[in-house]
Amino acid sequence: MDLFSRIAGRYDSIIRSSAVNEFKKYLNLESDKILLDLGGGTGRVALVLEQMTNGCILLDRSFEMLQQARKKSNSLFFLQGVGESLPFRTGTVPQIFANDTLHHIQKQKETLDECYRVMGNKSRFSIREYDPEYWKTKFLIFFEKVLMFSSIFLPPWKLEEFCKNIGFAVVWQRLTKSTYLLEATKD
């Protein structure tokens with residue numbers, strides 16, 4: 001059992017607010033389409049973003065995290081799975097969001113490839129992450145090493161390069177000194 005599964009019942013009290021109300025204004029979500037929340041955990045972000053979309057699918061590898069999300073919502077759709085093997089047909093997912101998730105995924109390239117595969121044309125994949133080149137993020141990196149996570153933090157320019165090599169059109173913007181939002185569009 002991984003750490004997220006072990007702390008699922010206490011996760012929301014351990015992790016401070018995700019600042020979703022601060023960054024949601026930067027998201028270009030389409031209100032008439034469903035959103036896939038990749039690595040959505042306890043659903044704290046999905047609950048806000050589903051109000052901006054036509055529904056939300058919360059996907060997480062931890063069954064225990066999904067159980068916590070189920071306690072909060074009857075309107076979210078829950079799937080247990082991993083980003084590198086998404087249970088969707090090619091070209092069927094209209095929009096994806098990953099908040100503070102990608103650095104926890106060991107198979108990042110495979111996950112980005114898989115997201116590209118399941119996305120339809122003109123679909124958007126929004127990724128909010130921490131920039132490891134900012135000095136305060138180094139504390140987060142250290143903390144995650146202490147917790148024995150195998151986190152892989154990518155600076156925005158590196159994630160942009162990965163996404164462009166897959167075929168995405170990419171733009172990114174800094175949200176705070178330590179966070180950025182990258183939007184990868186499948187054209």
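Quick look at the values:
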| item | result |
| --- | --- |
| Highest-MSF residue in the chain out of A69, A19, A169 [GNM, Cα springs under 10 Å] | A19 |
| Proximal aspartates and glutamates to K33, defined as alpha-carbon separation beneath 16 angstrom and excluding residues fewer than eight positions away on the same chain | E50 |
| Qualifying lysines (Cα of each under 19 Å from Cα of K138; at least 8 residues distant if same chain) | K158, K177 |
| Charge context of T53, other residues only, Cβ under 9 angstrom, K/R +1, D/E -1 | -2 |
| Spin-label model distance (nm) - S73 vs F143, 7 Å beyond Cα toward Cβ | 2.4 nm |
| Extended-chain gain in nm, criterion 0.36 nm per residue less alpha-carbon gap, T92 and K24 | 22.1 nm |
| Computed [θ] at 222 nm, helices only, for the chain once each DSSP H run of length n ≥ 4 contributes -39500 (n - 2.57) | -8000 deg cm²/dmol |
| Relative contact order for the chain, counting Cα pairs under 8 Å that sit 6 or more residues apart, in percent | 17 percent |
| Accessible-area composition of region 29-104, carbon plus sulfur, in percent [1.4 Å probe] | 48 percent |
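The values are calculated or read from the model by the stated rules, or taken from the named source; none is laboratory data. What you see is a predicted model, and the numbers here were worked out from it, not measured in a lab. Virtual Cβ from ideal backbone geometry, glycine too; neighbours counted across all protein chains shown. Only protein heavy atoms, including side chains, enter the accessible area calculation; ligands, DNA and RNA are left aside. Shrake-Rupley method; radii C 1.70, N 1.55, O 1.52, S 1.80 Å.
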